[in-house]
Amino acid sequence: MNFFLRTLVVLLFSFQFLNSQSFKNFSSLGGKKDLGVTSVAQNKEGVLWLGTKEGLIRFDGKTSLLLKTEDGLSANEISSLFIDSKNVLWVGHRNGKISLVKKNKADSFLLNPKMPENAVISFFEDKNANIFIGTNGGGLAIYNGTGLEKFSTENGLADDIVYTMAWDEKKYLWIGTDAGINEMDIYGNKTKIAHISTKDGLPDNIVRCIKSDGKGNLIIAMQDSGLCYYDNANQKFVKNPFLSSWNLGAITDVVTKKDGSLLISSENKGMLFISNHKLKLFDAANGLPSNNISKLFIDKEENLWVGTIRGISLQFAQRHTVMNMQMGLPSDKITSVLVDQDETVWASSEKGLGEMMLNETGNYEIKILLKDLAKEGAQVSCMLRPDRNRMFIGTYGKGIAVVETETGSSKMLTTKNGLANDNISFMCLDGDGNTWVSTIGGGISVIDNKTGSIKNYTEDDGLGSNYVYQVFCDSKKRIWAAVDGGCLELFDPDNKSGGKFTSLKEKLKIQSKTIYSIAEDSNGNIWCVTSDEGVIKYNPSTELKTGATGIKIYNTKNGLRDATPPIICSSGNKILLVHNKGIDVIEEGHQPEITYFDLSENDLEPNLNAMYTDLNGYSWFGTNNGVIKFRAFNIPSDSITPAAYLTNLKVQYVNFNMDSANEFSWKQNNMIFEFDATWLKAPDKIKFRYMLAGLEKDWQQITVSHIATYNNIPPGEYSFKVEACNEEGNWGKASEYKFFIATPIWFKWWFWVLVIVGLVVGIYSLVKYRLKALQKQNLILEQKVEERTAEIVEQTKVIEEKNKSLEQLSLVASKTDNVVLIMDANGKIEFINQSFIKLNGITLEELVKERGETIFEVSNHPQIRELVAEAVRDKKSVNYESLNILKSGYKVWESSTLTPTFNEKGELRKMIIIDTDVTERKRQEEIIVQKNRDITDSIQYAQKIQKAILPDLDQVKKDIPHSFILYLIKDIVSGDFYWYARKGDFSIIACVDCTGHGVPGAFMSMIGYNILNQVVNEKNITEPARILTELNKGVIESLNKKNPQNAAKDGMDAAICKVNVQTHQVEYSAAMRPLWIVKKSAGGEYELNEIKADKVPIGTINDDGSYHNFTNHSLIAEADHSFYTFTDGYADQFGGDKGKKLTTGRFKEAVMKIHTEPAEIQRQKLLDLHFQWKGEQEQVDDILVVGFKA
């Protein structure tokens, strides 16, 4: 009890701390530091335009672009901005000139008659699109589209300084000036102007701003008298009760929000916020860069923009805020948190208890209590306010401190007073006002807050263990216990079970023995965090009605990022799970069912069951990084989503004006859509999805890319749609571009009708013609048969004469230089000519004596019998070569022709062999063979060089563990190659297919490999698209393809992937080669998605002489994503039963079957499929397949 008495001293010396609000300050705009913002406007695309003294700034929340006179503005110094109904930006300048900005292009706007040379300080537009222009000393001008109508003090204005304009309920224009208000009726037969001043109840004649409050009344801000309302119903001015004694100086602007809150800015005192009868002041002390505010602006997202002399600041409704030591808490390690009925926040830590109270300005004052608590060896574990007069503070080791909040007196409840244990883990109130206390080691205690009596429940009373992490009372007054070793336990006061706890482990059929936390949603479902299964949902009421005890389990398999979150609590029908990575919100029946909120780049480190839900629905969490206040419920601004819009269209890679005709010829079927979206509160979190309706049925993969490429679009009607989503995954309205691609004449139905009719008529005519021709031919054939019969008789006579002439052949043979041999039907040599005797140095008699009498014995050819049989069988000559070694030892190659002759009965009569000396020819052939052998040796040496420069596959495997490369070359050297480099945390791998294969392809591969080394390793270019662009330039310059005379067809297809296996980021760019991604669809099934490559091969130069800029694709890979890129050799292999190509379709089927296998098994299965399909066929091309997981 002593340390609580010492706490009173700390209370006397507590200090005040103001809570910094969520302002995001932009002090550097357009490359300028502390550039003052005088005016703000927003176009329909959501882009902000900021007026400054040095020019006009286009700002999308991320980047800012400064436009000046050299960009088309009439002057640099800007005094006002306005967006009209046509999305045109009107820019008012200090020198009285006006500029217009249309589609991001600025131009001077010349009026007739001219505007006075006074600053343009306000704009307004009526229902007829007339533009009202207010000036600082030059009165009012109305532009009707053709000319100006001017108003000044000479024709009715109260003063020539026109600060502001607004409509009232009667559609009269109210004009704020330096001399009161003019009420102008511009829609009558004649413009009428009334004057309202202090004589009519207006508190101050200098009126700086007039705005509608959305309820039919006008808000009027003045120079010295603050703010008042004009009650339109009673037609009188009413002073704001909260601003009865105005002391903030001149008002510069006023805005109202949709929730009815009001914001007022001043020249020197900051900004005042009025909401729900509460005031709050924002100035340089709590977040703003300056107290001098010139402009307030509410954008389409309901964000507040504050223009100051030091830039512009953004304030928006956040899902969460963090309170920590920087704000005055004693420590960042918060063990428990509580919010009482007065909205005072209590946060405990090892260094004391922080009390955060809201003051009159809406900021927190923080006091630090119980500083000596840690010195006493106790740590606060939980807190409870059983009533307004007392606070229970649970500790580890010291029991419960009961503090009387009115007097500050305290007492301790420990085991000496009857508590089950002094290690308190959690406390809650039941429906009868009793305090239930869970302990670590002693079970559960129940404190009767009326009598002070204590009852304990232990293992003897049904608890599975005395180690209880949380005790929880639900809406039905049932008590639930999260037990270490006893699972989920229930104590039902209405149950006649003898007042004991009952374990639900067997009933729920779960394996976990330990439960850490319990919560209940608005539907009566009980949720708890288990040690093994994850988070389970159980509804006891459903069990009573149906008898079913079914539970639903949530874990990492169905969407949770952490299956055992330290904190679980409810907000209505939503369940909040707090863990290191952020907060997962489960909302059953909502799409998506689980929403992720990332609260910090670092781990949150939440503490077990350190949570509280206040009366306003906010959830508070204690973490090792401070107190987190989280809003799970939605407010109107949460339903606002970013709207995507198209920025450009390229048709056949040339920019196309989308405002012109949207009908294209069948040749104009390659399109690139460029798009963007504005989300000012979190521009880096925007994501896109798109589809080409008419070609695609589903949205393409969610991406951060701003480009969609479609090639070879078939004829038809299409609609390109693109949507953007914000950081919470809420999708905005789709932007759409409809177009039509005409059908070529040969695709039209009537063309094919004409073709078919023409074919039918043609076939019929051809048949008729052929019938007549056949009849005529039959007559001719009959005549020819008779003629041929006579010819055959005549030819028979001729053959007989020829056989007789054959006998004369020996005479002829004796005169030829060629060697001639004549044999009978059995192969016996009957005759050799003089050339034979001269060449071989042997006569016929000597030949028969030395070698034999038949050709079968004499011939040097080993297959002479087969050759003779072939000639006789086919009744035609056969040719063969043989080596003849003469008596002198000289070797002679002879080419022989063996010809059989037959009689009229077809019987073999003679055989004649004529030999020709071909020794010289054979010598030349041997020279050619040797040269081919030398060339082959050179190519094989080139193969060794090519293998040597290829990357080390072990290094690739080390950097990208889940990867494989399948590389099969067709010839000795290859035109396909893979390339790899490691740059920092990124691995860059290229898959390249050069023109041709063999030596030409290898030559191109050496060029490509060398250029890739230069681009990546020497120039340090790592973005895939830029690498391809540089590779394209290098190939063109290496082959001198810019010279038309040298413009060869050589080039290459290439795909480059940049992979970070730590962050799972994958970038891809390609020329002609796609990237396949296998991943799970929304339905849980695997599907193959394809990112298409640019249809421009490497080595191509545009018609205008420029180089093609390749498209870069970037995405974050999930665990189930598999990536594949490849050359065309695998799919083009001929084979199978019918000798056809494998095709891309079969390749995709193979990938879908193997993508879950380890990388090496995938490679082997693709290799097996290739050889199985190829069979006995030759390999048609080099093969390269690269697969990996990121």
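A few remarks follow.
- The residue that is farthest from the chain's Cα centre (by Cα), counting only those in the stretch 74-99 that are aliphatic (A, V, I, L, M) and part of a strand (DSSP E or B), is Ile98.
- Scope the stretch 851-874; condition of a type outside the set (D, E, K, R), within 15 Å of Thr897 (Cα to Cα) and touching a strand residue (DSSP E or B) at 6+ places or on another chain (Cβ under 9 Å); matching residues: Ile855, Ser859, Asn860, His861, Gln863, Ile864, Leu867, Val868, Ala871, Val872
- Inside the stretch 340-367, residues that are within 24 Å of Leu281 (Cβ to Cβ) and not hydroxyl-bearing (Ser, Thr, Tyr) make up a count of 15.
- Hits in the stretch 220-255 - residues which are under 13 Å from Leu272 (Cβ atoms) and β-branched (Val, Ile, Thr): Ile251, Thr252, Val254, Val255
- Number of residues in the stretch 1101-1121 that are in contact with a Phe, Trp or Tyr (Cβ under 9 Å, 6 or more places away or on another chain) and farther than 19 Å from Tyr1068 by Cβ: the value is 2.
- Among the conditions (1) assigned by TED's automatic domain parsing to the domain that holds Gly311; (2) modelled with pLDDT under 90; (3) buried (at least 20 other Cβ atoms within 10 Å of the Cβ), Ala284 misses just one, which is (3).
- Pairs, first without any contact (Cβ under 8 Å) to a residue 40 or more places away in the chain in the stretch 161-177, second buried (at least 18 other Cβ atoms within 10 Å of the Cβ) and of a type in the set (Gly, Ala, Ser), C-beta under 8 Å, six or more apart: Thr177/Ala158
- Residue within the stretch 1119-1139 that is basic (Lys, Arg) and within 30 Å of Ile713 (Cα to Cα) present: no
- Where Val238 falls short, out of the listed (1) in the same structural domain as Met165 (by TED's automatic domain parsing); (2) hydrophobic (A, V, I, L, M, F, W, C); (3) touching a Leu at 6+ places or on another chain (Cβ under 9 Å): (3)
- Residue tally, condition buried (at least 21 other Cβ atoms within 10 Å of the Cβ) and more than 21 Å from Ile206 (Cβ to Cβ), over the stretch 107-130: 1
- Any hit, the stretch 972-985, residues being closer than 15 Å to Phe1126 by Cα, of a type in the set (Val, Ile, Thr) and in the same structural domain as Arg1163 (by TED's automatic domain parsing): no
- Scanning the stretch 163-215 for residues being more than 15 Å from Cys228 (Cα to Cα), in contact with a Lys or Arg (Cβ under 9 Å, 6 or more places away or on another chain) and crowded, with 20+ Cβ neighbours inside 10 Å gives a total of 3.
- Scanning the stretch 291-323 for residues that are buried (at least 19 other Cβ atoms within 10 Å of the Cβ) and acidic (Asp, Glu), we see that the one that is farthest from Tyr618 (Cα to Cα) is Asp299.
- Which numbered condition Ser665 fails, given (1) crowded, with 16+ Cβ neighbours inside 10 Å; (2) of a type outside the set (D, E, K, R); (3) within 30 Å of Tyr718 (Cα to Cα); (4) touching a Pro at 6+ places or on another chain (Cβ under 9 Å): (1)
- Any hit, the stretch 142-163, residues being within 57 Å of the chain's Cα centre (by Cα), among the hydrophobic types (A, V, I, L, M, F, W, C) and within 21 Å of Lys239 (Cα to Cα): no
- Pick from the stretch 1127-1144, criterion in contact with a Phe, Trp or Tyr (Cβ under 8 Å, 6 or more places away or on another chain) and touching a residue at least 12 places away in the same chain (Cβ under 8 Å), ranking: surrounded by the most Cβ atoms within 10 Å (Cβ to Cβ): Gln1133
- Residue check, Ala1093 free of Cβ contacts under 8 Å to residues at least 60 places away in the same chain and surrounded by fewer than 16 Cβ atoms within 10 Å (Cβ to Cβ): no
- Test: Ile855 is surrounded by 12 or more Cβ atoms within 10 Å (Cβ to Cβ) and at pLDDT 70 or above: yes
- Candidates in the stretch 858-892 are the residues that are farther than 16 Å from Asp824 by Cα and small (Gly, Ala, Ser); of these, the one that is modelled with the highest pLDDT is Ser882.
The values are calculated or read from the model by the stated rules, or taken from the named source; none is laboratory data. Bear in mind the structure is a predicted one, so any value in this text is a computation, not a measurement. Virtual Cβ from ideal backbone geometry, glycine too; neighbours counted across all protein chains shown.
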